[in-house]
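Shown next, in C-alpha cells, is the structure this report addresses.
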Amino acid sequence: MNGVHFLLVTVIMTVESNHWLHRSPLVFLWIALIPWASAIEPASFEREVMPLLEKRCNKCHYPQEQRGGLDLTRLDTMRRGGDDLGPGFIAGKPDESPLIQVLTGAKEPTMPKKAEKLAAAEIDLLRRWIEEGAKDDSTKFSSEDVAFFEREIRPVLSTYCFKCHVGEEAEHGLQLTSRHSILAGGQRGPAAVVGKPEESLLIKAIRHEGELKMPRRGDRLGDAQVAAFERWIEKGLPWPANERVLAREKQFTISDADRKHWAFRPLPKDLPASWSIDAALKPHHERVGLTPSEEADRHRLLRRVTFDLTGYPPSPEEMGAFVNDLAPDGFEKVVTRLLDSPQFGQRWGRHWLDYTRNGANALSNRGPALDSQRYAEWVARCFNEDRPWDWFARVHLAGDKMKAFEGDDYSVDQALAAAVPLNGQRTFEDIGTQTFVLMDKLDEGVEFMGRSLMGISLECSRCHDHKFDPISQRDYYALLGFFQSSWFGPVPVNTKSRAEADAAVTKHRDLLSEKMRLEGLIRYASLKLNVSGGGRVNQWRESRIAILTPMDKRLRELEIAVLRVEIADAEKKNAKSLAADCQSALVERVASLNNYQPPKYDPKELARAHFIAGHKSGPGLIKRASDLQQTELVRELEQHLTYWEDERMQWIERSRFGGFGKSDPEVAELAKADARIEQIAGELNVNPAAQWTEPKKSHLYVRTDGGLRRAEELKPLEEKAKAAGLDFNNSANHVWAHPYFVGDARLLLRGDVLYPDKLVPRATPVFFGESKLELDGSGRLQLAEWLTANDSTQAALVARAAVNRAWQHLFGEALCRTPKELGRLGEQPELPELIDGLAVSFVSNGWSMKKLVRQIVLSSAYRRSSVVAEADLPKDPDNRYFARQSVRRLEYEPILNTMAWLKSGTHFDTPMQRDAVVPGAIGYAQQFDGPSLYNLIDRRVASISATQALFLMNNRSTARGIAADLINRLEIHSQVALPDVVSTIYENILQRFPTDTDRDFAQRFLERRRQQTGATQLKDEIREFVTLLLCGNEILYIE
Amino acid sequence: MITRRDFLSHVAAAPGILATGSLWADDRIVAAKSLPLHHPGKVKSIIFYYCKGGPAQAHTFDKPRSVADPLLYPFSFSKSGQSGLEISNLFPRLQSVADDLCIIRSGYGAVATHNEGGIHIFTAASKIGASLGAWVLHGLGSGNPNLPGHVLLTGRVLGDKWAHDNGSVHGGARSVGAGGLPPSLQAQVVTDLEHPIDNIVSPFAEAQQSRWLAELGALNAGFSARHPHVAELDSRTESFRAAHRMQTAAPEAFDIAKETAHPVMRTLYGLDPQPTRSTGTKLLLARRLVERGVRFVVVPSMNVPNLEGGSGDWDTHTPTQVRGVIPNLAQACDQPLAGLITDLKQRGLLESTLIVWGGEMGRGGAGHMNHNGSAFTWWMAGGGVRPGFAYGATDDQGFTAVENPIHVRDLHATILWMCGLDVARLNHNGIGFDTTCKVARGIIA
C-alpha cells in the first residue's frame, strides 16, 4: 500500500509540475518520504479521477454514447448514474457505490468490458475519492471567461489541433482536448503554464519562435489568434465545466494551406493568348541570369526527338532528309512523321505501363493473371490513335461499363484495362491470410487510382487520416467500396455485345459455383461412405500391402542391380570416390532389403516416377541403367514405372471415393459429379492457385461488377454451406463460390482486416467537394465520370499528372520531380504555373496526348543544346529552369531497340518482334534497369555497374555479336579499311558524321592496334572499332 | 571529405554502387550518405544463414517451459558452455561454441505466410521495399570494387546426393532486391557454384583487353569533354575497368580449391559428409567473400531428406516432419556454422563479421507445428553482439514474445546500428526507414 501511495504522489508531481516546481526542493523530499501522501493531498477530481475515467471508462460512457445510460464525464451525471444500477456513487461510501462495485466484481456487469481490469491502485484512487466525499475540485471560471474560451479558443483548437492531438495515439503524447491534458502536456513537457503565456510551450509553438512550429505545414495562426491564446493562458485556461473533454477521436480537417497547395487548386480558367512554354520560362531565365543554350545541331536534335518519340534511332536516310531540308517547317514535318509512326504508341504506351505494374503478371503470387500482352497492345493503339487522356483514365476504372471507343456496345479490351487496377498481389494460403491478402489487393486498386491516375497518395489513408494531404481514412474506405464491389477474371468471351458479355460472365460464375458445390458433395459423401464402412479407405489400403510387397522388393533388387553395375564400371574407369559412394549405398540397400519392412504407403510415397524415371534433381534408375547398356534392367524398370503410377492413381481415387473405385456402382453418382467437375475445369481454364499458363485464345479477361465478400461474412457463409452439407473450406477456390458482393466497404481500424469498424458509404473524397453520385451497381462508372468531370479539382490533378510526366519523358526530369506524389508530401515544383499552363492547354485540346507532345517538342526549350556554358552551370546546376536540354542515359527499351535496329535495320512494331531478333534480349532488361512488376514506377533508374560492363564486353552475342551483324548488314567487305568506313559507322551508330577529331582517333586506334598486336586483319580492325563504339558512352546517352 | 569526382572514379563504378541522375544531383548526398558512418560500428560484413520455412524455435534455440503434448516434443536441450545457454541437442557443434552466440528469443512481428513473410523478414524496416542487404551495401558502400557487394549463395556441390534442392529464399528476388534503392544494390544470385558470375571470362588475352580498355577511355574522353558536368560519364568508363579487375578477383574469390585441399578445413566446415558438404562449401565461400570485402552474403537452407521418407525444409507442419526433417536440417548447418565461427575467430574476422541464423517466422500452436508471427528466434554471432547471451523470452509455451520483444524492423535497425548506421539518418532521396524502428541495445556488447 505504501508503494501505491508513493507512486500517486509522483504522478501528481509530474501532472501539475508547474505547481510543484515553485515549492522548495526540501518540500519535495519531505513529501516523497511520507508514505501516506493522501493525508496532505486529497484525491483530485480534475487531475486524477477525471483522467483515469477518460482513459479507462469514457470510450463508452461519454455524452454522445452513454452506454447503459451512463455518462461518466461530469460529476452530476455520475451522481445520476445509469439505467440499471442507480446513482453511480454514494459519497463517503465507496463499497456501496456501483462505480466501485462493478470494478471489483462485487456487482454485475463487471467493468471494463473487453479490456483489462483496472489496477488496484486505480480502483483505490476512486475509492478514496468517494470516501473523501466525491467532490469536484476543478477550477471554476466565470461565465465571461468561459464565453471567451468558446468564442476565441475552442474553434481554433478544433480546426487546427484536433487532427493530431486527440485520443490515445495523440501526436507526441499531447492531447489538447481537455484543460487537464494541456497542463499535463506530452513528451515535450507541459503545453501550458497557468497564468504564464511566456513560459508556455503552446505559445512558443504557435508563435513559430523556436524549432517547434505549430500547426504543422503552413496555416500559421493569425496574430489575433495567438494573442487570444496568450490571454487565455493568463486567465488560467478557462474551460467549460460541463464539457471536460472536447473530442475523443481525431478530427479530419481541411486547412487553407491544403486548398492553396499548387496541385489542389482549380486550374486557371483560360490562358492569355500570348502564353507559350518559352514565354513562361523566359522571366525565370532572366531572373536567375541564365543564357539559354543555342538550338542543338540538326543531327543531335533529330536523334533526340526520334528516340523520345519512337524509342528508335533515326536511320541515315531520315537524317539526310532532315539535314538537307532547309524549309522553316522541316522540324515540324519530322515531328508529324514521328507522331504518326506505330513506334510512337509503343514508346509512349510503355511510359504508361510503368504505372500499371507493367500490366503484367506471370508471377505465381499474383492471381488471376492478366493478359498483359493484349493490354500492352491496346495501350499502344490508344496512344497511336490519340484517344483522349480523360477517356483513357476513365476506362481504367470502368471500361467494362462504358461504350466501346469504336462505337460498339462493349469492348473486351476496355474491360481488360478496367481490371488493371486490381492486378495486385495475392496468395491463397489459408483463410486467415486470404482475407488479409485480398485486402492488399484492393489496396492496390485505390493506390492505382491515386498514384497512377491522379498523382497523389490515396493509399496512405488506409490506416489513418492522411498526414499531409486532405484525405481522410473515411475517404479511403469510401473509395475502397467501389473496388470491393467488382471482380475480374478470365471468362470465355470475345464479343462486342454487352448482353453476350454479361451472359458469359454469369455462365462462368455459375460454373464456378457448380464446381464448388460438386466438390463439396463428393467430399462429404465420401466421408460418409468411408466412416459407414468402418474406415473403408484404410481397409483397402491395408489390403494392398501384401500385393505390393513382392513388387516393392523387386524394385529394390533392381536398384541394387544398377548399383552393382555402376560399381563395376567405376572401378574399371578408376573413379575411386564414385565407386566408394556407390559401394556404401549398396551396403545400405542390401542390409535394408535383408531386413525388409514394407514402407508406409501413401500417395506421396507411391510417387516413384522421379526415382525410376528421373527428375531435374537427379537421373533416375532407367537413365542410370541405360547409360550402362543394361537393356534387360531398363525394360523391367519401365514396367515398374507404369505399375507404380497406376497404383498411385488408384490410391488417390480410393480416398476420393470413400474407399470405393470410381467404377463401383456404389459411387456412380459421385463418379458422375467428378466427371462434371473435370469438364467444368476444362471450360473454366482457371485455377488461381496454380501457376499461370497461357490463356486459351477464346478466354479473355474482363472486369465486372460483383466482388468478393467481405472478410467478416466468410464465417456465416461457411456455416450456411455446412448446414447444406457442403464443405467450402480447404479449397483455394472457396472465396470464388460465395455470392458476389456489391456494396460499401467497412472501415478497418488501423487498416487491419482483423478490426472491421463501421460501413462507409461509397463516395468521393470530401476535399473535392460535395458529389452526389447516383451509383449504378458497383458505381465505378460514376466514379470514373467524377474523376474527369469538367473544371473539377480532381480532373485538374489528372491533367497535371499527365503533363508533368510528358515533360519528364521529353526532358529527363519532370517539372514536379515526384510524379506520383503531387500532394503536399511531394516536392514543390519550381514552375507550378508552367504545369498549370500545360494542363489548361492539354484539357482545351481535348486531352490530346499527341498535341501535348507536339507542343512541348516544338518549343525552343526542347530544341536547345544540352551543352552548358561554364558560367551558367552554378546558377542552375540541376537544370530546373530548362535553359538547356539534359544529357540522359537511354532506358532499357531504346537500348535494346538500338541493338535490334543496328543488327537488322528495322524499326519493329512490337517489343515481341524486336526481342526475337536480339540474342539474349532479357539480359538487357536485367542489366539496364528494366521495370519491375511489383511497383508503380515513376522514374527509371540508370544504373552503372561492373556486371553491365561484363555483359557488353565479354558476352559474345552483345556488343561483338551486334558489331559483326552490323558490318555484314552494311556490306563492308573484307578489303575495306577502317578510315574508309568511319563515316558510315558513325552515321549508323551515333547518327552523326565523324568530326576531324573522331577521324583522327580512328586513325590512331589503327596505328596503336597494329603496333601492339602486329596484326592487320582489316575486318577485325573494323569490328573492334565498332564494338568500341557500342560499348562507349555516346551511344547510350541522349544529348 | 571525398569529392564527387574522387568518389566517382574510384568507388562509384564498383559493383553495387551506381550513379543515377538523382543520386548525383548533389555533391553532399554522395559524400554524406553513402560513405561515412553515423557512429563507430564494428560490423563490416554480414553472413545470413536463412532457414527457409520458419524454424520451430521450441526445437532449436528456445526451450519452452511447458510442453502441452510430450508426444509431439521429441528433442531435448542442454545447458551449453560457460554461459549455460540452452541449445537443442540437435546442434552439438553449436553447443560447443555457445559462448559465442547471442540468442534472441523474443522476435515478433513476422508475417506468418511464407512468401510475404520472406519479403517482410528481409525488407520490413524499409519504406521503399529495399532488402536489408541492399541497405547495408548502400550504407557502408562497397568494400571491394572488384566484387559484387551483396550475394545470395545457392547451389549444390558436385557429388551432393543428399540435399533435394539448391536452397532459395521465400519471396524470391524481392527479398534480396534493391526495392526503391538503385538496382545494382540487389544481390548477385549465385546458383551454380562452378560458374558463379555471368560473363566473367574475357574472350581476349589480358594485354589485348587492357589495350581495348585504354581505347575505350580515349573514346569516352571525347564525349566527356562535351559535358564535363555530367559526372556519371566518367563513372561509366570506370565501370569497365572495374569489370576488368573483377575478371580476376571473382574467380579468385570463388576458387576454394587451395583451402579444401587442407584436411583441417574439410573437417572444420564438414566438406566430406553428405549432409554438410554443400552447406559447408557455401559457408566457406561466404567467409572468402567477406574476407574480400563483400558486405552481405545470404546462404539459404536447402530441402533435405526426411528420415521418415520424402524431404522437407524448416516448414515442419506434421509430427513426421518434426521427427524426420528437423534433425537433418540441424545437421546440415551445425558443423558448418560452428566451423565458420571458429574459422572467422582464428582469422581475427569474427569481430567485424556478423553471423545471423534465422527464418521468416517462428512456429507455435499444437506441437509447435503452425506458422507463428508472434515469436521467433534468431541467433547472431560476432560483430560485437553480446556473446554467450540470451536476449528476451517467450511465454511458457514459447508462442508469444513477452520479455524484451524485438520486432523484425528493430532487428534490422539493430543490425544496421552495429554496422555504424543509424536508420533515422539512412535514406535514399529522403526516404528511408519506418520511424518505429528501435535499436535493441541489449544485444550489442
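Remarks
- The charge dipole of chain A, taken about the Cα centre with unit charges on the Cβ atoms of Lys, Arg (+1) and Asp, Glu (-1), comes to about 1020 debye, rounded to the nearest 20.
- If R0 is 35 Å, the Cβ-Cβ spacing of A:ARG265 and A:TYR740 corresponds to a FRET efficiency of close to 0.30.
- Percent RCO, i.e. relative contact order, over chain B, from Cα pairs under 8 Å lying at least 6 residues apart: 31
- Approximating the spin labels as points 7 Å out from Cα along Cα→Cβ, the A:LYS403-to-B:VAL402 distance works out to 6.9 nm.
- Shape category assigned to segment B:307-445 from the gyration tensor of Cα positions, a/c cut at 1.5: oblate
- Entries of B:LYS161/B:LYS345; A:LYS93/A:LYS135; A:LYS573/B:LYS161; A:LYS403/A:LYS851; A:LYS403/A:LYS820 with Cα pairs more than 23 Å apart: B:LYS161/B:LYS345; A:LYS403/A:LYS851; A:LYS403/A:LYS820
- The mean number of Cβ atoms from other chains found within 10 Å of a Cβ in peptide B:220-233 is 5, as a whole number.
- Cα gyration tensor, segment A:599-647 - rounded (a/c under 1.5), prolate or oblate: oblate
- Extended-chain gain in nm, criterion 0.36 nm per residue less alpha-carbon gap, B:ARG245 and B:LYS438: 65.5 nm
- Rg(Cα) / (2.2 N^0.38 Å) computed for segment A:485-535, rounded to two decimals: 1.79
- Proximal aspartates and glutamates relative to A:LYS196, as straight alpha-carbon distance under 12 Å, when same-chain residues fewer than 8 apart are discounted: A:GLU230, A:GLU234
- Counting only DSSP beta bridges with both residues in the protein assembly as shown, the antiparallel share comes to about 65 percent.
- Dividing the mean sequence gap of close Cα pairs (under 8 Å, 6+ apart) by how many residues segment B:290-445 holds gives a relative contact order of 14 percent.
- Among B:HIS195, A:HIS466, A:HIS640, sorting on how many other beta-carbon atoms sit within 10 Å of each Cβ, with the fewest leading, yields B:HIS195, A:HIS640, A:HIS466.
- Candidates B:VAL356, B:VAL385, B:VAL67: whichever shows maximal mean-square fluctuation once chain B is modelled as a Gaussian network with Cα springs under 10 Å: B:VAL67
- Taking amide hydrogens as placed 1.01 Å from N in the peptide plane, the amide H of B:ILE104 sits under 5 Å from those of B:TRP378, B:TRP379, B:MET380, B:TYR391, each at least 5 positions away in sequence or on another chain.
- Relative contact order %, chain A, counting alpha carbon pairs below 8 Å whose residues are six or more apart: 13
- D (Stokes-Einstein, µm²/s), Kirkwood Cα radius, segment A:862-1008, 1.306 mPa s at 10 °C: 87
- Unit charges at the beta carbon, dipole of the protein assembly as shown: most positive-side option, B:ALA338, A:GLY445, A:HIS973: B:ALA338
- Cβ-placed point charges (K, R +1; D, E -1), dipole of segment A:474-571 about Cα centre in debye, nearest 20: 620
- Pairwise centroid distance, computed over Cα atoms, of segment A:848-883 with segment A:208-280, Å: 36
- Partners for A:LYS850 among aspartates and glutamates (Cα-Cα distance below 15 Å; same-chain residues under 8 apart left out): A:ASP308, A:GLU332, A:ASP340, A:GLU385, A:ASP386, A:ASP390
- Calculated over chain A: convex hull of Cα atoms, volume per residue (Å³): 309
- Set A:LYS204/A:LYS250; A:LYS576/A:LYS604; A:LYS333/A:LYS401 screened for pairs whose C-alpha atoms are more than 28 Å apart: A:LYS576/A:LYS604; A:LYS333/A:LYS401
- Remark: segment A:971-1013 projects, on average over all directions, an area of 3.4 nm² (convex hull of Cα atoms).
- Whole-Å semi-axes of segment A:637-684's equivalent ellipsoid (Cα gyration tensor): 24, 16, 7
- Once the Cα-Cα distance is subtracted from the 0.36 nm per residue extended length, the A:THR104 to A:ARG556 segment shows a gain of 155.5 nm.
- Look at where the Cα atoms of segment B:354-426 and of segment B:90-115 average out, and the two centres are 8 Å apart.
- Helices meeting the span-like rule in chain A (full DSSP H runs, Cα extent of at least 30 Å along the helix axis, mean Kyte-Doolittle score of -0.5 or higher): A:498-532, A:536-572.
- Calculated FRET value between B:VAL264 and A:HIS615, using beta carbons and R₀ = 41 Å, to 0.05: 0.65
- On the basis of the beta-carbon distance and an R0 of 25 Å, A:LEU593 and A:GLN539 show a calculated FRET efficiency of 0.35.
- Simple spin-label estimate for A:GLU332 and A:VAL226 gives 5.6 nm between the two label positions (7 Å along the Cα-to-Cβ direction from each Cα).
Here, each number is a calculation from the coordinates, and none is a lab measurement. This is a predicted model, so every value here is computed, not measured. Reconstructed Cβ throughout: ideal geometry from the backbone, glycine too, with neighbour counts over all protein chains shown.
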